[in-house]
1. Among the helices (runs of 4 or more DSSP H) lying completely within region 191-291, list those that include at least 1 residues that are open to solvent by 10 Å² or more (accessible area, probe 1.4 Å), touching a residue at least 24 places away in the same chain (Cβ under 8 Å) and touching a strand residue (DSSP E or B) at 6+ places or on another chain (Cβ under 6 Å).
2. When residues of region 111-146 are filtered for being of a type outside the set (Gly, Ala, Ser), under 18 Å from residue 72 (Cα atoms) and assigned to a helix (DSSP H, G or I), how many remain?
3. Condition first: crowded, with 24+ Cβ neighbours inside 10 Å, at pLDDT 95 or above and either of a type in the set (Val, Ile, Thr) or under 20 Å from residue 85 (Cβ atoms) (or both). Can you find one or more residues in region 121-135 that meet it?
4. Check whether at least one residue in region 147-168 is assigned to a strand (DSSP E or B) and either among the aromatic types (Phe, Trp, Tyr) or without any contact (Cβ under 8 Å) to a residue 60 or more places away in the chain (or both), and report yes or no.
5. Regarding region 181-188, can at least one residue be identified that is at positive phi and in contact (Cβ under 8 Å) with a residue 60 or more places away in the chain?
6. Restricting attention to region 115-126, report how many residues are in contact (Cβ under 8 Å) with a residue 60 or more places away in the chain and not β-branched (Val, Ile, Thr).
7. Test each condition in (1) surrounded by fewer than 17 Cβ atoms within 10 Å (Cβ to Cβ); (2) closer than 26 Å to residue 257 by Cβ for residue 170 and report the one that comes out false.
8. Could you list all residues from region 37-71 that are closer than 25 Å to residue 165 by Cα and either in a loop (DSSP other than H, G, I, E, B) or of a type in the set (Ser, Thr, Tyr) (or both)?
Amino acid sequence: MNNFKKTCFAVALVFTLAYTAFAKSSPKIVPTTIKIWDGVPSMKGQSTKMDYYAPQGKNTGAALVICPGGSYHHLGVFHEGKDVALWAAQKGMSGFVLKYRVSGQGHHHPAMLEDVQRAIQIIRENASEYGIDKGKIGAIGFSAGGHLVLMAEVFGGESELEKLGIKTEVSLEPNFIMPIYPVVSMQNDIAHKRSRKSLLRKDQSEERKNLFSMEMQARKINCPVFLLAAKDDATVNYLNSTRLAEAMTREGVESKFILCENGGHGFGMGNNKFVHSTQWNDEWLWPWLEETVLGK
């Protein structure tokens, strides 16, 4: 072996050993699964779960209910769920990935809203156990999950849980929400039709479409909002987000709207070009959280 090859081999060995040591020393975050309907007689047989990721290092006291997307038909539980929870945990926040019910399992409204309200109830009622500040419980959602976190805020004062026989002594509203490339509108010109069908099934009257068009319910948003979308989104028309942003401005809602020229749909917090190029979660979302939520 000549000197050049020996040098290359030595460098490669050093990097391999260093990476191995880093991998072994990096904390592995193992989630705890919570069955949110356990012990509720009226929901016997429902198996909705959420995975809890404990904060690493200094606990900020904040918690995120994480709602993956999937057109209300299925769930993108990795790049829009697990990856988000790991990011949150590494920032010192509690991450709860909610695997809410979807139409692919035969569920429609109000199942999804019931699930997110129940998740918020469980977290808020057990906040001291988790080391969570009851006033710092937020919800982040992607695509259809973005619509769900908007519904969590808009309909937070209307308990679906009480209809199931569950006493709710805590607020079911999130303290802040982050819809990311969200489904917003049910209106014919810009609606994501698969999400609308999955949510509303056959009852798509004008009254129902208006009720579930979140831009038409902006007056009911009473918490800070971080909104992100891209103009080249080929799945959910970006006008969903611009109309929501305009409505929130008219209603005086505290919000931050970032509209990118490029980014597409479904980037989440996964290992992809947009996330690598923008670091949107660290460069845009985290400073907003520090200023708007954690600093209070």
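The values are calculated or read from the model by the stated rules, or taken from the named source; none is laboratory data. Since the structure is predicted, the reported quantities are computational estimates derived from the model, not experimental observations. Note that each Cβ is placed from the backbone with ideal geometry, even for glycine, and that neighbours are counted across all protein chains shown. With ligands, DNA and RNA removed, areas are computed over all heavy atoms of the protein, side chains included. Shrake-Rupley method; radii C 1.70, N 1.55, O 1.52, S 1.80 Å.
1. So the answer is 286-289.
2. 7
3. Yes, that holds for at least one residue.
4. No, there is no match, as no residue in region 147-168 is assigned to a strand (DSSP E or B) and either among the aromatic types (Phe, Trp, Tyr) or without any contact (Cβ under 8 Å) to a residue 60 or more places away in the chain (or both).
5. Taking every residue of region 181-188 in turn, at least one turns out to be at positive phi and in contact (Cβ under 8 Å) with a residue 60 or more places away in the chain.
6. 3
7. Condition not satisfied by residue 170: (2).
8. Selection gives 37, 38, 39, 40, 42, 44, 45, 46, 47, 48.
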